[in-house]
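What follows is calculated from the coordinates using simple rules that are stated; it is not laboratory data. The structure presented is a predicted model; accordingly, all values stated were derived computationally and were not measured. As a convention, Cβ positions derive from the backbone with ideal geometry for all residues, glycine included, and neighbour counts pool all protein chains shown.
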Amino acid sequence: MTAVDSSAQRAAARRAGLLADGALAAALAAALPVVSYFAAHHQAGYRHFDAGAIALVAASAAVLALRRWYPVAVLALVFGTTLAYFVLGYANGPIWLALLIAYYTAVTGGHRLAAGIAAVAGFAIFPWLDYLLRHRPAPSAAGLAGLAAWLLVVLGASEAIRGQARAVSRGRPDPGGGGAPAG
């Protein structure tokens, strides 16, 4: 294979990745505001779901189109829009999905430090917002333990996927035994 063929293949892969990420971002930017609207109707005591909520939810999804090219910046932007959403008092909803995807992308892209900072900051901030800003009960120990467990599960799964992708890109056999049967 020549360098020109390899370069053309990489360019085609980048275009395909951009199209896939753009489609994911567009689908989420369209779906998440609708789902968030209905989720908010079942939660009393929060700010009414309005144009501001729609803008924040859609923005958190739309920026995912650039997640493979700028994973740390995307993680920071999605973290910021998610934080703004909850600081403003909107009800809990699927905005978390965009943050989860950005976190996963940062880990699988090798940006462990940024992902770790986001996870620790999120763990330290998000559970306490209702308590600090809306005088609601503090998060329970069980709730905090559950959040920590989920963050570790996503981190572990992301690391496993990253390791598998690296092994495949280096031409190593699948250590999980998913290759062709021995004959």
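Points worth noting:
- Note that the stretch 1-89, at 37 °C in a medium of 0.692 mPa s, gets a Stokes-Einstein diffusion coefficient of 223 µm²/s from its Kirkwood radius over C-alpha pairs.
- Extension gain, residue 121 back to residue 43 (0.36 nm per residue minus Cα-Cα distance, nm): 25.6 nm
- Fully extending the segment from residue 113 to residue 170, taken as 0.36 nm per residue of separation minus the present Cα-Cα distance, adds 18.1 nm.
- Unit charges on C-beta of K, R, D, E only; dipole of the chain, Debye: 340
- Crossing angle, helix 71-87 versus the chain [Cα axis fit, 0-90 degrees, rounded to tens]: 20
- Cα extents for the stretch 15-169 along the principal axes, largest to smallest and rounded to whole angstrom: 50, 34, 22.
- Note: relative contact order over the chain, using C-alpha pairs below 8 Å and six or more positions apart, is 18 percent.
- With Cα atoms, 0 to 90° folded angle of helix 51-62 axis to the chain main axis: 20
- The stretch 17-51 and the stretch 113-160: distance between their alpha carbon centers, rounded to Å: 21
- Label sites at residue 30 and residue 16, each approximated as a point 7 angstrom past Cα along Cα to Cβ, lie 2.3 nm apart.
- Multiplying each eigenvalue of the alpha-carbon gyration tensor of the stretch 72-136 by 5 and taking the square root yields semi-axes of 23, 12, 8 Å, largest first, rounded to whole angstroms.
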